[in-house]
Each structure stands twice: as C-alpha cells, then as structure tokens.
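The values are calculated or read from the model by the stated rules, or taken from the named source; none is laboratory data. Please read these numbers as outputs of a predicted model, since none were measured by experiment. When we count neighbours, we look across all protein chains shown, and the Cβ atoms used for this are built from the backbone with ideal geometry, even at glycine. Accessible surface is based on the protein model in full, side chains and every heavy atom, while ligands, DNA and RNA are left aside. Shrake-Rupley method; radii C 1.70, N 1.55, O 1.52, S 1.80 Å.
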Amino acid sequence: HLTNGIVFSDGTTQTTAAASSAATITVLKKTTNYTLLSTDSGKMFTQEGAASAITNTLPDAAAGLYYYGACQTNVQLSFQTAAGDYFVINAAYATNYYSSTLGGFLKFGAINESNWVIFDQVGTWAGQ
C-alpha cells in the first residue's frame with residue numbers, strides 16, 4: 001500500500017527515500033499553456049513532451065497557495081502571475097519566473113493577496 005510518493009498524471013507512481021517522508025505530490029505534464037487553479041495548489045507542473053515554451057498562468061495570489069515546477073526538457077517552463085500580482089525576488093518584483101534548464105526545480109507560494117515568493121529552487125531560474 002503506497003502512502004507517500006509522487007503520482008504522475010499518467011497514473012504511474014514513483015517513490016524515493018526522500019519522497020517516503022513527504023506527502024504525495026501529483027505531477028501534471030503540460031504540453032500547452034495552462035491556467036493554474038487554486039485547487040491545483042500543492043501540485044507539480046512540468047513541460048515534459050512540450051515542443052515549445054510553456055506558460056503556466058497563476059491564479060490570483062492568496063496566502064497559502066503553493067506550487068512546484070520541474071523542467072523535464074530544455075524547453076522554457078514559465079510561471080506568469082495574474083494581473084496585479086508579483087514574484088518578490090531579491091528585493092525586486094517580477095511577473096514571470098522561468099527556466100529552460102533540464103533538471104530545474106522550483107517550489108513557490110503566495111504569502112498574501114499579491115505576492116509570490118520562492119521557497120526552494122534548483123538550477124537556473126530568472127524573473128522578468
């Protein structure tokens with residue numbers, strides 16, 4: 001009986017030593033642009049299988065929402081804020097945060113009604 005691990009949108013599950021102590025994470029492989037929902041909070045988004053850049057548009061920021069991103073190809077994976085919202089990065093604001101580095105990982109969340117912050121990242125990510 002699997003209680004922890006990563007569940008991919010194709011129904012497969014992967015468990016690792018690291019995942020065994022964490023809650024299950026649903027992974028959604030997006031090959032076209034997508035608008036994230038507040039009900040997608042806690043899910044991981046990849047661009048695996050995408051032929052061109054993918055933009056995931058975030059819902060309006062609300063404290064407690066959080067998402068993961070994982071670059072599975074060298075195609076750009078972007079997270080775009082809703083109008084009036086911003087990523088707060090190194091004392092600067094950005095409306096788009098992106099990477100095209102294979103193996104890049106990101107965990108970010110909203111801390112109030114307009115600001116998203118980066119909790120963890122691996123690889124090269126940039127804001128604009």
| request: Tell me the label-point distance for the pair Asn115, Asp60, using the 7 Å Cα-to-Cβ offset, in nm and rounded to one decimal. | output: 1.9
| remark: Scoring only Lys, Arg, Asp and Glu (+1, +1, -1, -1) among other residues with Cβ under 12 Å from the Cβ of Leu37 yields -1
| message | Suppose all protein chains stay in the model; what accessible area per residue would a 1.4 Å probe give for the range 45-90, in Å²? | response | 40
| message | Viscosity 1.002 mPa s, temperature 20 °C: give me the Stokes-Einstein translational D for the range 12-128 in µm²/s, with Rh taken as the Kirkwood radius over C-alpha pairs. | response | 150
